[in-house]
Amino acid sequence: DAKTTQPTSMDCAEGRAANLPCNHSTISGNEYVYWYRQIHSQGPQYIIHGLKNNETNEMASLIITEDRKSSTLILPHATLRDTAVYYCIVRLPGAAGNKLTFGGGTRVLVKP
Amino acid sequence: NAGVMQNPRHLVRRRGQEARLRCSPMKGHSHVYWYRQLPEEGLKFMVYLQKENIIDESGMPKERFSAEFPKEGPSILRIQQVVRGDSAAYFCASSPPYQETQYFGPGTRLLVL
């Protein structure tokens, strides 16, 4: 699986949008971009994933650049409960992608 | 639909004892994955199972660790003769057939004294 690079940490203000970048410059054509988060002492929580097109669900939006070398996770209105470590993961589809490879992630602190 | 269930949530063992961690996947999910998170470290893949089959155990330590997912009942991660270095959070995830998003349970925190 391709390697990802994320900022170690970032702060954001409650109520504002949080934009979390991820670099995956070695991504291959059939690899998906997945985002998970881990709130302190809890299991990882799936947020969103995409291949080429931008995606949106009730939690977040995922913007993938046209060359697919980077992406941005957007939390539209951050709340204190969004404080967590956010992981950007690139994985192959099918059985070849059964392992999720977690890097260091971005530690996001939402401040009042 | 209940999420992935893991029990116990906390487990304390003395060195040399056995630890058994159980994972009940979400309804309709036949694929189970185990991950380990050592203190202050990231999550590491251990093993991927389907019903009655181990598909990928490339992340499992070669000794003392085993996993199963029987036809009936939960998946079990078994650690024999535990050592202090086994102290960690163990997370189970599941996914349905033909769909690859993994959904995680709350984890079991193992403390070896």
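The values are calculated or read from the model by the stated rules, or taken from the named source; none is laboratory data. Predicted, not measured: the structure shown is a model, and the values here were computed from it. Neighbour counts are summed over all protein chains in view; Cβ atoms, including those assigned to glycine, are modelled from backbone coordinates with ideal geometry. Accessible surface is based on the protein model in full, side chains and every heavy atom, while ligands, DNA and RNA are left aside. Shrake-Rupley method; radii C 1.70, N 1.55, O 1.52, S 1.80 Å.
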Task: Residue in segment B:40-49 that is within 14 Å of the chain's Cα centre (by Cα), surrounded by 22 or more Cβ atoms within 10 Å (Cβ to Cβ), within 15 Å of A:Gly43 (Cβ to Cβ) and within 14 Å of another protein chain (Cβ to nearest Cβ) present - done: yes
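Condition check: away from chain A (no Cβ under 13 Å) and either under 30 Å from A:Thr106 (Cβ atoms) or touching a residue at least 40 places away in the same chain (Cβ under 8 Å) (or both). Does B:Arg14 satisfy that?
Values: away from chain A (no Cβ under 13 Å): yes; either under 30 Å from A:Thr106 (Cβ atoms) or touching a residue at least 40 places away in the same chain (Cβ under 8 Å) (or both): yes.
Yes.
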- [ ] Evaluate segment A:76-93: report whether one residue or more is surrounded by fewer than 19 Cβ atoms within 10 Å (Cβ to Cβ), within 12 Å of chain B (Cβ to nearest Cβ) and closer than 28 Å to B:Leu38 by Cα.
- [x] yes
Open item on the list: Show the residue pairs meeting these rules: Cβ distance below 6 Å; 6+ apart or different chains; first residue within segment B:79-95 and of a type in the set (D, E, K, R); second residue crowded, with 20+ Cβ neighbours inside 10 Å.
Closed with: B:Asp86/B:Ile79
TODO: Considering each residue of segment B:50-89, count those that are part of a loop (DSSP other than H, G, I, E, B), open to solvent by 40 Å² or more (accessible area, probe 1.4 Å) and within 14 Å of chain A (Cβ to nearest Cβ), and give that number.
DONE: 2
- [ ] All but one of (1) touching a residue at least 12 places away in the same chain (Cβ under 8 Å); (2) open to solvent by 50 Å² or more (accessible area, probe 1.4 Å); (3) more than 11 Å from the chain's Cα centre (by Cα) hold for A:Asn19, so report the exception by its number.
- [x] (3)
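Output the residue which, of all residues in segment A:30-45 that are open to solvent by 60 Å² or more (accessible area, probe 1.4 Å) and closer than 18 Å to A:Pro93 by Cα, is nearest to the other protein chains (Cβ to nearest Cβ).
If we filter segment A:30-45 for residues that are open to solvent by 60 Å² or more (accessible area, probe 1.4 Å), which is where we start, we get A:30, A:32, A:40-42, A:45.
Among the residues that remain, those that are also closer than 18 Å to A:Pro93 by Cα are: A:30, A:32.
Details: A:Asn30: 12, A:Tyr32: 8 Å.
Once the filter is applied, the top-ranked residue is A:Tyr32.
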Open item on the list: Can you find a residue that is farther than 18 Å from A:Val110 by Cβ, assigned to a helix (DSSP H, G or I) and within 12 Å of chain B (Cβ to nearest Cβ) anywhere in segment A:51-74?
Closed with: no
Open item on the list: Is it the case, given these coordinates, that B:Pro106 is under 13 Å from the mean Cα position of the chain (by Cα), open to solvent by 10 Å² or more (accessible area, probe 1.4 Å) and within 14 Å of chain A (Cβ to nearest Cβ)?
Closed with: yes
- [ ] For segment B:90-103, enumerate the residues that are in a strand (DSSP E or B) and open to solvent by 30 Å² or more (accessible area, probe 1.4 Å).
- [x] B:Tyr103
TODO: Search segment A:46-75 for residues being open to solvent by 70 Å² or more (accessible area, probe 1.4 Å) and of a type in the set (S, T, N, Q), and hand back the single one that is farthest from the chain's Cα centre (by Cα).
DONE: A:Asn53
TODO: All but one of (1) closer than 30 Å to B:Gln6 by Cα; (2) more than 12 Å from the chain's Cα centre (by Cα) hold for A:Gly29, so report the exception by its number.
DONE: (1)
